[in-house]
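Just so it is clear, none of the values below were taken in a lab; they were calculated from the coordinates. Keep in mind the model is a prediction, meaning the values are calculated, not measured. Every residue, glycine as well, gets a Cβ built from its backbone with ideal geometry; the counts of neighbours run over all protein chains shown.
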Amino acid sequence: DTEVTQTPKHLVMGMTNKKSLKCEQHMGHRAMYWYKQKAKKPPELMFVYSYEKLSINESVPSRFSPECPNSSLLNLHLHALQPEDSALYLCASSHRRTELNTEAFFGQGTRLTVV
Amino acid sequence: DAKTTQPPSMDCAEGRAANLPCNHSTISGNEYVYWYRQIHSQGPQYIIHGLKNNETNEMASLIITEDRKSSTLILPHATLRDTAVYYCIVKWGATNKLIFGTGTLLAVQP
């Protein structure tokens, strides 16, 4: 199983709503990532979790709150978002053991629209 | 992490080889070259990576120059399904920080 599964595929939320994006993998990967991608732009790294601990936060606003409850799951909690936060949110995972130096596997993303 | 420079777009005829260049003149000795692609509205897909030797897999070949300042991704027989944005990324092996540049939009023409 080399899949990273993201749910939901599409999400529309109001600026006062609270919602969560979910990501799941069963490849035994211990590094998991959140990326944000605006139209016609490359993916931008938001967060990296390593062994269920937050290791990188790319100065992301606090209205985005990541959570890694176990080695297979990664959540992104959303609160008080702005319309400019509308984007494709991508999850990825990879081996944490650096000597393996292997690739990252990406999910198909959640298309988020903030109204 | 070293920065990369890629042409914004390229065309290729179906069935011909697609050669996608990447410059990474500030690459350091322990940084690898990775290639990913992203087909429209899908998540990025890993293609290949290498350190200094040329690499080949079922998808593509990666040619890295001897001074490691540039590389070329080769798709030997491009198909319409290879139309995508191709990203060249330089990454230190000990970090999980995978940073995407602007990439090359490859359009395979029938």
- Note on the structure: Pseudo-spin-label distance residue B:45 to residue A:20, built 7 Å along Cα→Cβ, given in nm, is 3.2
- Search the structure for amide H atoms under 5 Å from the amide H of residue A:26, placed 1.01 Å from N in the peptide plane, and list their residues when 5 or more places away or on another chain. A:3
- Query: What residues have an amide H closer than 5 Å to that of residue A:109, excluding those fewer than 5 places away on the same chain, when H is modeled at 1.01 Å from N in the peptide plane?
  - Reply: A:6, A:91
- Task: Pick out which of B:57, B:23, B:96 has the largest mean-square fluctuation in a Gaussian network model of chain B, springs linking Cα atoms closer than 10 Å.
- Result: B:96
- Cα lying deepest toward the dipole's positive end in chain A, options A:88, A:78, A:15, charges on Cβ: A:15
- Message: Can you list, by residue number, the Cys in the protein assembly as shown that have no neighbouring cysteine C-beta under 4.7 Å?
- Response: A:68, B:12
- Residues whose placed amide H lies under 5 Å from that of residue A:12, excluding near-sequence neighbours: A:113
- Using +1 at the Cβ of each Lys and Arg and -1 at the Cβ of each Asp and Glu in the protein assembly as shown, identify which of B:26, B:57, A:46 lies farthest towards the dipole's positive end. A:46
- Query: Mind listing which GluC sites (Glu not before Pro) in the range B:1-65 are in a DSSP loop and have 10 or fewer other Cβ atoms within 10 Å?
  - Reply: B:58
